[in-house]
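A.B. asks: Before I ask anything, here is the structure I am working with.
Values quoted throughout were computed directly from the atomic coordinates according to the rules given, and no laboratory measurement underlies them. Since we're looking at a predicted model, the values are computed, not measured. Glycine gets a Cβ as well: all are built from the backbone with ideal geometry, and neighbour counts include every protein chain shown.
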Amino acid sequence: MDTNWDVIVVGAGMAGLSAAQQLRAAGRRVLVLEKSRGIGGRMATRRTDAAQWDHGAQYFTARSAVFRRQVAQWLRAKVIARWQAPVAVWNGLQLKTSSPQQRFVGTPTMNAPLRQMAEQLEIQLSTQVTAIERVNGIWQVRADSACWLAPQIVIALPAPQAAALIPPVYSSHAMAAQTTMQPCWALMLTCEQALDLPFAGVFINEGPLSWIAHDSSKAARGGQNWLLHACAEWSQAHLEDSPEQVMALLGAELNRLLSQWGKTSVTWQNATPHRWRYARGNTEQTLTPSAQDGLVVAGDWLAGGRVEGAYLSGLAAANALLATP
Ligand SMILES: Cc1cc2nc3c(=O)[nH]c(=O)nc-3n(C[C@H](O)[C@H](O)[C@H](O)COP(=O)(O)OP(=O)(O)OC[C@H]3O[C@@H](n4cnc5c(N)ncnc54)[C@H](O)[C@@H]3O)c2cc1C
């Protein structure tokens with residue numbers, strides 16, 4: 001096992017891989033450490049033999065010129081596609097068409113663009129970093145009994161997890177510790193019959209749910225797989241509920257909404273809840289961390305709380321390290 005690197009990146013979500021890609025392109029030897037069995041973080045897809053759902057990020061948009069260039073490359077490589085299905089907004093009284101936006105999804109799964117980014121990278125999966133320490137100008141990065149060394153490190157994690165790892169003497173520790181992230185309960189369902197709705201996604205502005213999507217309407221998917229997200233307030237209030245409780249409450253809420261929309265209740269199978277403890281940061285927040293002793297943070301919570309923000313924060317982190325003599 002090679003233990004000496006130029007840069008170690010902790011976290012293989014969009015922010016970590018964007019940083020790693022940029023650093024590698026600049027000639028750095030980069031190792032990415034990821035605690036899960038796969039890459040992608042919150043750009044996740046749950047797959048069973050019978051169904052699949054994007055249960056984290058639903059789609060992404062591209063506002064900045066830099067991200068639009070990356071999106072164009074992913075489109076050419078066919079690892080993403082446009083999601084052109086109609087999206088609505090429910091305000092408790094009326095369903096209105098949502099303002100038009102160019103929405104993109106990974107194909108065939110949400111993490112497909114990340115898998116493309118990962119092709120050129122050294123990534124060690126199932127490796128939860130438990131401690132980092134700077135000794136004689138070198139970062140020692142520990143996971144279980146293993147230890148890797150590098151003069152530079154990128155911590156590309158949700159803010160509370162970053163705060164737990166970064167030593168308190170660093171300014172990025174305070175930045176992360178002062179950032180709260182809100183949870184989100186997701187519920188994945190397969191409906192037994194086609195749901196005859198005039199939209200494939202709807203933002204909900206009342207009650208426990210915040211979003212319903214016909215996941216199968218996205219490119220390279222199929223079937224009657226639906227995805228529900230609960231709003232942050234409800235998810236926080238029900239954070240420690242059992243999966244069975246969440247399934248029953250959110251399933252009943254779906255049927256309540258369907259009856260308001262003049263549809264009959266549905267029966268479903270494959271109901272699977274998932275709790276995102278750190279789903280979203282403050283979408284208004286933009287922070288510009290600097291590198292300190294070769295350590296820099298990245299993550300969506302620094303740059304607007306979305307896929308695009310995560311990508312841009314990874315680039316910024318890499319550039320901050322590359323600018324360090
Ligand atoms: C329910 C939900 C809905 C969303 N909807 C949208 C949307 O529609 N559009 C949009 O643009 N964005 C959406 N987002 C936000 C989007 O998913 C994130 O902005 C983006 O994926 C964050 O990327 P990241 O790299 O900053 O963090 P993450 O994706 O969280 O990546 C962090 C990685 O670090 C790993 N990790 C954690 N701790 C350790 C450790 N100690 N050691 C090693 N690895 C570790 C994690 O396993 C993870 O892979 C949504 C998020 C959620 C949860």
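A.B. asks: If the range 1-110 were replaced by its equivalent ellipsoid, with semi-axes equal to the square roots of 5 times the Cα gyration tensor eigenvalues, what would those be, largest first, whole Å?
C.D. replies: In descending order the semi-axes read 32, 18, 13 Å.
A.B. asks: Could you tell me the convex hull volume per residue, in Å³, taken over the Cα atoms of the chain?
C.D. replies: Spelled out: Cα convex hull of the chain, divided by residues, is 138 Å³.
A.B. asks: Here is a follow-up. Based on the Cβ-Cβ distance of ASN255 and THR61, what FRET efficiency does E = 1/(1 + (r/R0)^6) give at R0 = 35 Å, to the nearest 0.05?
C.D. replies: In this case the efficiency is close to 0.70.
A.B. asks: Here is a follow-up. If the label point is 7 Å along Cα→Cβ of ASP2, which residues in the range 120-140 have backbone nitrogen under 19 Å from it?
C.D. replies: Only 120-127, 139-140 fall inside the zone, counting backbone N under 19 Å.
A.B. asks: For the chain, calculate the relative contact order in percent as a whole number, restricting contacts to Cα pairs under 8 Å that are 6 or more residues apart.
C.D. replies: 23
A.B. asks: What does the highest-first list of 147-160, 48-61, 284-297, 70-83 look like by mean Cβ count within 10 Å?
C.D. replies: Taking the mean over residues of other Cβ atoms within 10 Å, the ranking is 147-160, 48-61, 284-297, 70-83.
A.B. asks: Taking the 0 to 90 degree range and rounding to the nearest ten, how far is the long axis of helix 243-260 tilted relative to the main principal axis of the chain, both from C-alpha atoms?
C.D. replies: 50
A.B. asks: Can you work out the FRET efficiency for the pair ARG47 and SER98, with r the C-beta to C-beta distance and R0 = 22 Å, to the nearest 0.05?
C.D. replies: The pair ARG47/SER98 has a calculated efficiency of 0.20.
A.B. asks: Roughly speaking, what is the stretch gain from GLU284 to GLU233, that is 0.36 nm per residue apart minus the C-alpha to C-alpha distance, in nm to one decimal?
C.D. replies: Roughly 16.6 nm would be gained on extension.
A.B. asks: Right, here's the next one. Could you check the spin-label model distance between LEU149 and GLN178? Points 7 Å from the Cα along Cα→Cβ, value in nm.
C.D. replies: Between LEU149 and GLN178, the label points sit 3.6 nm apart.
A.B. asks: Can you give the relative contact order of the range 194-296 as a percent, counting alpha carbon pairs under 8 Å and 6+ residues apart?
C.D. replies: The normalised contact order for the range 194-296 reaches 18 percent.
A.B. asks: Report the dimensions of the range 83-170 along its three principal axes from the alpha-carbon atoms, largest first, rounded to Å.
C.D. replies: Per principal axis, max minus min of the Cα coordinates gives 61, 32, 21 Å.
A.B. asks: Determine the relative contact order of the range 28-112: mean sequence separation of Cα pairs under 8 Å and six or more apart, normalised by residue count, in whole percent.
C.D. replies: Relative contact order, the range 28-112: 32 percent.
A.B. asks: What's the ranking of 313-321, 196-204, 257-265 by average number of surrounding C-beta atoms within 10 Å, highest first?
C.D. replies: 313-321, 196-204, 257-265
A.B. asks: Where does the chain land at 222 nm, in deg cm²/dmol rounded to the nearest 500, when only DSSP H runs of n ≥ 4 count, each adding -39500 (n - 2.57), divided by all residues?
C.D. replies: So the calculated ellipticity at 222 nm is -8000 deg cm²/dmol.
A.B. asks: If one takes the longest principal axis of the Cα atoms in the chain, at what angle in degrees, from 0 to 90 and to the nearest 10, does the Cα axis of helix 65-76 lie?
C.D. replies: Compared with the principal axis, the helix lies near 70 degrees.
A.B. asks: Now, a different point. Sticking with the crude label model, points 7 Å out along Cα→Cβ, report the distance from GLN73 to SER242 in nm, one decimal please.
C.D. replies: 4.9
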